[in-house]
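What follows is one structure encoded as structure tokens, with my remarks underneath.
The values are calculated or read from the model by the stated rules, or taken from the named source; none is laboratory data. Everything quoted here is computed from the prediction, not taken from an experiment. Positions of Cβ are generated from backbone atoms using ideal geometry, with glycine treated the same way; all protein chains shown enter the neighbour counts. Please note that ligands, DNA and RNA were not included when accessible areas were found on the heavy atoms of the full protein model with its side chains. Shrake-Rupley method; radii C 1.70, N 1.55, O 1.52, S 1.80 Å.
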Amino acid sequence: ASGPPELPPFAACVPRSRRQGQVEVAMMDRLEVRIHPDHAGWVHNDRNGVAEMAGWFGFADGRAVDTLALLMVCDAFPPAVFHLDMAPGWVPTVELTVHVRGIPAPGPVQCVFRSQFVQGGFFNEDGEVWDSDGRLVAQSRQLGLTPLA
């Protein structure tokens with residue numbers, strides 16, 4: 001990719017709460033995950049059929065996103081497959097690789113996750129995390145099981 005995803009401002013994106021989807025995600029009380037409005041339709045059962053999820057990630061208490069937190073960023077975002085014709089349930093991670101590429105500048109990070117292959121009960125998801133200076137600070141690849149209700 002040539003740069004960070006084109007996102008509306010943090011405040012204009014849809015907050016991710018613990019009760020969206022079919023599984024309650026309590027850690028969302030401690031995170032500030034904001035989803036691109038065009039990628040939030042799954043919350044209302046209005047899926048666009050494009051396996052992409054983008055938005056912002058920060059911590060509710062305002063602490064910095066450091067290099068260790070980048071691992072959480074790459075696993076805590078709603079999966080891109082929620083836009084496909086499947087229930088937004090629990091998505092177990094089978095394998096997750098995160099390449100930490102730099103120390104994030106202060107402020108929330110911008111993220112984009114995309115799935116290219118969904119087959120046989122598995123999906124892949126490739127992620128990019130960009131800091132407030134527009135630098136790529138992490139890349140990820142995940143193999144997961146399709147959502148379980």
Taking only the C-alpha atoms, wrap a convex hull around the chain and report its volume per residue in Å³ as a whole number. 101
Could the peptides 127-137, 77-87 be put in order, highest first, of the mean number of other beta-carbon atoms found within 10 Å of their residues? 77-87, 127-137
With +1 assigned to the C-beta of every Lys and Arg and -1 to the C-beta of every Asp and Glu, and no other charges, what is the dipole magnitude of the chain about the Cα centre in debye, to the nearest 20? 140
Structure-based [θ]222 nm, the chain - -39500 (n - 2.57) summed over DSSP H runs of at least 4, per residue, nearest 500: -1500 deg cm²/dmol
Sort Asp61, Asp75 from largest to smallest accessible area, using a 1.4 Å probe on the heavy atoms of the protein chains. Asp61, Asp75
At 1.4 Å probe size, with the rest of the protein present, what percent of the exposed accessible area of the chain is carbon and sulfur atoms? 52
Return the FRET efficiency for the residue pair Ala87, Phe117: r is the Cβ-Cβ distance, R0 is 22 Å, and the value is rounded to the nearest 0.05. 0.70
With the contact rule set at Cα under 8 Å and sequence spacing of 6 or more, what percent relative contact order holds for the chain? 25
R0 of 35 Å, Cβ-Cβ distance Asn45-Glu95: FRET efficiency to nearest 0.05: 0.75
Students often check this: by mean Cβ neighbours within 10 Å, which of 93-100, 33-40 ranks highest, and how do the rest follow? 33-40, 93-100
Just the number please: accessible area per residue for the chain, 1.4 Å probe, all protein chains included, in Å². 51
